[in-house]
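Since the structure comes first, as structure tokens, the remarks are kept for the end.
The values are calculated or read from the model by the stated rules, or taken from the named source; none is laboratory data. Since the model is a prediction, treat every value here as computed from it, not as a measurement. Glycine gets a Cβ as well: all are built from the backbone with ideal geometry, and neighbour counts include every protein chain shown. Surface accessibility is based on the protein's heavy atoms, side chains included, excluding ligands, DNA and RNA. Shrake-Rupley method; radii C 1.70, N 1.55, O 1.52, S 1.80 Å.
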Amino acid sequence: MMPVNRGHQPMPFDLQAALNKRAEQGLLRQRQILQSGQGRFIRLNDQSYLNFSSNDYLGLAAQPFLTQAWQTGLDKWGAGAGASPLVTGYTQAHADLEQTLAEWLGVESVMLFSTGFAANQAVIKALLQKEHSQYQDRLNHASLQEAGAQSPAKMLRFRHNDMAHLASLLQPQTGLIISEGVFSMDGDQAPCQQLADLAAQSGNWLMIDDAHGLGVLGEQGQGSLSHQQVSPNGVHIRMATFGKALGVAGAFVGGSKQLIDYLVNFARDYVYSTHLPPAQACAIQAAIHWVKQADVERAHLQSLIHLFRTGIAELGFAIGDSVTAIQPVLIGDADKAIAVADRLRARGLWVTAIRPPTVPQGTARLRITLTAAHQASDVSLLLGALKECMADV
Ligand SMILES: *Cc1c(COP(=O)(O)O)cnc(C)c1O
């Protein structure tokens, strides 16, 4: 038998050195244990905090109708899917959800994934081969950049939302332009019509990851394309997660029937992975049904965003170009961002400091998210606290 490694023997991986380096840079990450579910307030360390760090933009995650739909689905379908979708894991509950999504978003065909991260891996790795190029916005989410880096295709990054730069990089009929609809760390929006025009003119495909637009923007919460009045036909691949405004988890990819048929056959992240539980598909159905009609919640969220931005401008802080629920307050230095977040916590406000490598060096920030569960008085409280906590950091 091999001797048990007691920490003295040489090991193949120097994990401690990597952790030490992160700690020295002030970038070591630690998880926080929540003692409550998501909501306007969250409980941690036996204390209640007003929550400005959730992507549950419509306050849906804790809604009783949603958990009830999930429970009804459990009674009908049991707990797990039991197999991958190509074996016996594809149920009527999944097919019905795909149909609902296709009709809601105006796409021909849809497939489901357990996470948005997996969906992006699946699409990019199944599609892009050595002879292809990918044109990615520099601020694209890690799941897009990661998949792109692992694919054999040439990676060309264009400056954030810079269409002239993108146009200068584009080679005809070489591959895929990839952008987020609403950028996850800045809250600003991609110029979707210009992206669609450039794709059409150059004979390339366009993929939009609308993780932060779905449910929040556009008619019936259809997302960024509807909000910007861009025809769905101009976008070849649409993707979004159900883990944000839809309050559940999971994701979809939508496009032509041919695209979905191709991915069902060639996307390894789909073929070799247990399908998401059918009961979860039932919960997502209920979430969509609610989201389509949630104009009051969307309007309330917009009024909170307006209130926040007006207040921040009066305080004179650097704020992003965002009219969405994601409101970054730029600080720059990572340690300072942590210090401000700590001060806010001491006042009962939970705000996350986002540091490199999640955002570029020197752009550490507070990533404040507003949700329809907040009240106007919550925003006033936050503004008052920010004024005091940002002083002489
Ligand atoms: C959150 C997010 C994802 C990943 O989705 P999950 O369902 O959380 O895995 C993908 N893209 C963007 C832009 C995101 O913000």
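Applying the criteria of a DSSP loop state and at most 16 other Cβ atoms within 10 Å to the chymotrypsin sites (Phe, Trp or Tyr not before Pro) of segment 281-386 yields Phe317.
Between the listed residues Trp70, Ala313, Ala364, the Cα displaced farthest toward the positive end of the dipole of the chain, a dipole computed from Cβ unit charges relative to the Cα centre, is found at Ala364.
Other residues lying with their Cβ under 10 Å from the Cβ of Ser54 contribute a combined charge of +1, Lys and Arg counting +1, Asp and Glu -1. When the alpha-carbon atoms of segment 64-292 are used, the pair Rg, Dmax equals 17.0, 55 angstrom. This model, with +1 at the C-beta of Lys and Arg and -1 at the C-beta of Asp and Glu, gives segment 1-97 a dipole about its Cα centre of some 280 debye. Values of log10 I(q)/I(0) for the chain across q = 0.13 Å⁻¹ run -1.18, by the Debye formula with one identical scatterer at each alpha carbon and no solvent.
Mean sequence separation of contacting Cα pairs (under 8 Å, at least six apart), scaled by the length of the chain, corresponds to a relative contact order of 21 percent.
For the pair Ala164 and Lys336, label points projected 7 Å from Cα toward Cβ lie 3.0 nm apart.
Keeping the other protein chains in place, figure out the carbon and sulfur percent of the accessible area of segment 64-292, with a 1.4 Å probe. C and S atoms contribute 50 percent here. Loop-located chymotrypsin sites (Phe, Trp or Tyr not before Pro) in segment 166-253 (DSSP state not H, G, I, E or B) with no more than 11 neighbouring Cβ atoms inside 10 Å do not occur. For segment 157-174, 3J(HN,Hα) computed residue by residue from phi via the Karplus equation (6.51, -1.76, 1.60; θ = phi - 60°) reads 9, 9, 4, 3, 6, 9, 5, 5, 5, 4, 4, 6, 8, 5, 10, x, 6, 10 Hz, glycine and proline entered as x. Among the listed pairs Lys257/Lys292; Lys154/Lys336; Lys244/Lys336; Lys21/Lys130; Lys76/Lys257; Lys130/Lys336, those with a Cα-Cα distance over 32 Å are Lys154/Lys336; Lys21/Lys130; Lys130/Lys336. Charge tally around Lys292: other residues with Cβ under 15 Å, Lys/Arg +1 each, Asp/Glu -1 each, net -3. Put +1 on the Cβ of each Lys and Arg and -1 on the Cβ of each Asp and Glu in the chain; which of Val340, Gln25, Gly148 then has its Cα farthest toward the positive end of the dipole? So the residue furthest toward the plus end is Gln25.
To the nearest 0.05, what FRET efficiency results for Gln150 and Ala376 with a Förster distance of 56 Å applied to their C-beta separation? The value I calculate is 0.80. Taking the Cα centre of the chain as reference, the dipole from Cβ charges on Lys and Arg (+1) and Asp and Glu (-1) amounts to some 880 debye. Placing +1 on the Cβ of every Lys and Arg and -1 on the Cβ of every Asp and Glu, with nothing else charged, gives segment 64-292 a dipole about its Cα centre of roughly 380 debye.
A cut-off under 9 angstrom between Cβ atoms defines the neighbours of Ala385, and their net charge, with Lys, Arg +1 and Asp, Glu -1, is +2. For segment 291-354, the residue among Val296, Val329, Thr352 whose Cα projects farthest onto the positive side of the dipole built from Cβ charges is Val296. For Lys125, a cut-off of 14 angstrom between C-alpha atoms picks up these aspartates and glutamates, skipping any fewer than 8 places away in its own chain: Glu146, Asp269. DSSP assigns beta bridges within the chain; of those with both partners inside it, close to 55 percent run antiparallel.
Our estimate of slack between Gln361 and Arg29, defined as 0.36 nm per intervening residue step minus the Cα-Cα distance, is 117.9 nm. Applying 1/(1 + (r/R0)^6) with r as the Cβ-Cβ distance of Phe41 and Asp75 and R0 = 35 angstrom yields a FRET efficiency of 0.70. Between Gln258 and Ala346, the C-beta separation translates, for a Förster distance of 56 Å, into a calculated FRET efficiency of about 0.50.
Using C-alpha pairs below 8 Å separated by at least 6 residues, the relative contact order for segment 115-224 is 23 percent. In the context of the full protein assembly, His300 retains an accessible surface of approximately 60 Å², using a probe radius of 1.4 Å and ignoring ligands and nucleic acids.
Met155 contributes an accessible area of around 50 Å² to the protein surface, as traced by a 1.4 Å probe with all chains present.
Within segment 24-112, the trypsin sites (Lys or Arg not before Pro) that combine a DSSP coil assignment with at most 14 other C-beta atoms in a 10 angstrom radius are Arg29, Arg31. With kT/(6 pi eta Rh) evaluated at 10 °C and eta = 1.306 mPa s, and Rh the Kirkwood radius from Cα pairs, segment 126-212 diffuses with a coefficient of 125 µm²/s according to Stokes-Einstein.
Calculated accessible area for the chain comes out at 47 Å² per residue, all protein chains present (probe 1.4 Å; ligands, DNA, RNA ignored). Taking all protein chains as they are arranged and a probe of 1.4 Å, the heavy atoms of Glu388 leave approximately 110 Å² accessible to solvent.
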